[in-house]
Structures are given as structure tokens and as C-alpha cells.
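Worksheet for the structure shown next.
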Amino acid sequence: MSQETTANVLPCITVSYSNTQIPHNGFLQGYFNIETHLTLLGFNIKIISMKLNNEMTLKDLFTRPVFYAAEAREAGIHPSRLSYYVKTNRVERIGHGVYRGVESSVDADFQWEDLIVIAKSIPQGVICLVSALALYELTDEMPREHWIAVSHSTTAPKREHTRIVRMRDMETGKTLYTIGRETVVIFDRERTIIDAFRYLSKEIAIKALKAAVSGRATQKLDIKKLQQYARQFGLNLEPYILTVTT
């Protein structure tokens, strides 16, 4: 028989500590570990603390542009609870295992908000082609889709209004770009122009090249880097470069 100690720690609640399972007026039923839970009051404090920490974690997740199901699980949010938040419109499901709080905001120009969210939702993705041209102001076209490059070895994620482009070389020209206070992964100007010649029409590519070497662009093109990339990808851009620079 185990030794029991009775303590009145809350009004109208009497708790017996033992190594047996004891009902507590429906409030708590389980095993008490005397070494870690000396009083019911202390246990209540721990529960309250965990609940507050959970709420703080929820607030942090729900205010971010993007968070992942794995992060929610690590924060103690069960998948069924996450589904409940989606159904009650507290959370928006962007893609498989990718979410955002409906009240979250992106600290950047409104026109780029969706692109930023999509780009952040694809961890190994890189903004490319028409979306990159638009960000660099090298095209007059406002993309109707978000253009994101992924590796050939990556399963193409499904996102609304998004064009996924598979590329073998995902490293050349990969850089970070700041929009407002948000940072995204994108190919640099030189790689973007190279890819325009490879994947888009010559008309779009030549216009982008002209814009990049003129005063219209926010940043001048690095011609030497462009030539280096052209050789690397087996392109002969010398005639076009000569035309736009003379």
C-alpha cells in the first residue's frame, strides 16, 4: 500500500498524492509525479504557462507570411487543430503543408505581396524569368503568374497562379533581393537575361537587355558577368550586346 498525503490547495478541491490513479472531481485524472508536481497549484501554474507559451507561438506563426506544418507540429499544434484553423478562416492553406495566417501581412509593396508569399512557400525555389524581369523593371509586362524555378530533382509544388520552371543549374546567379523588409531568393539580372533568351521569346529578351544597359534600369548590367554566363550556358549574345551598347 502506498503512503498518501492529503492537502487542501484550492477551495473545495482535495487532492491525494499517490502512485495510484485518482479522480479529482472531473478536473484532472492521471498519475502524479511527486518529484516534479508537489502541489496541484503548481501543476495548474505549469498548465497555464504552457497555454500562454502556446498562444505566443500561435501568434508568431500566424503573423508570418508563411509557415509550415512541421513548424506547427513543433509548436505543439496538432494537425487536426491546424485543419480547424483553416476551416474557421484563421489560417489559409497555400499548398501541401504550407500555410499563412489570414491576418498576416507582408512588409512590402502590395503588388509584390503574393509573389513574396509564393516564393517563401517554396524553400528551394528561385524567382525567375518574367517575375524577375518585372522586379528588376526590365519589362513592361505585369506577370499574370508567379515564375519560380526549381531543380529537376525536386517534385514540382502546386501553387495557384504559379508557373514552375524546372532548371538544371540552380546556383549560377542565385542571390537575395529585398522588397520592403522582406527578402526573397532570385536570379540576378545577368542570369535573368540569359534565361530570357533560353526560355522566352527573343523579343522579350532583347527588350530586357536594352532596358538593362540603359538608364531605365534601377541598376546597371554587368556586361562581363553577362558574357561569362552566356559562355557557361552555350549562348552567343555578342551580336545583341554589340547592338545595344553602340
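No value in this document is a laboratory result; all are computed from the given coordinates. Please read these numbers as outputs of a predicted model, since none were measured by experiment. Positions of Cβ are backbone-derived with ideal geometry, glycine not excepted, and every protein chain shown enters the neighbour counts.
Here are the numbers for this structure:
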read-out	value
For the stretch 137-147, 3J(HN,Hα) per residue [Karplus equation, 6.51 cos²θ - 1.76 cosθ + 1.60, θ = phi - 60°, Hz, x = Gly/Pro]	6, 10, 8, 8, 6, 8, x, 8, 10, 8, 9
Built amide H within the under 5 Å cut-off of Ile127, gap 5+	Ala149, Val185, Ile186, Phe187
Restricting the stretch 142-177 to GluC sites (Glu not before Pro) in coil, as DSSP defines it, with at most 10 other Cβ within 10 Å	Glu160, Glu171
Theoretical gain in end-to-end length, Thr178 to Arg198 [0.36 nm per residue, Cα-Cα removed]	4.6 nm
Residues with amide H under 5 Å from that of Arg163, placed H, sequence gap 5 or more	His146, Trp147, Ile148
Shape category assigned to the stretch 125-173 from the gyration tensor of Cα positions, a/c cut at 1.5	oblate
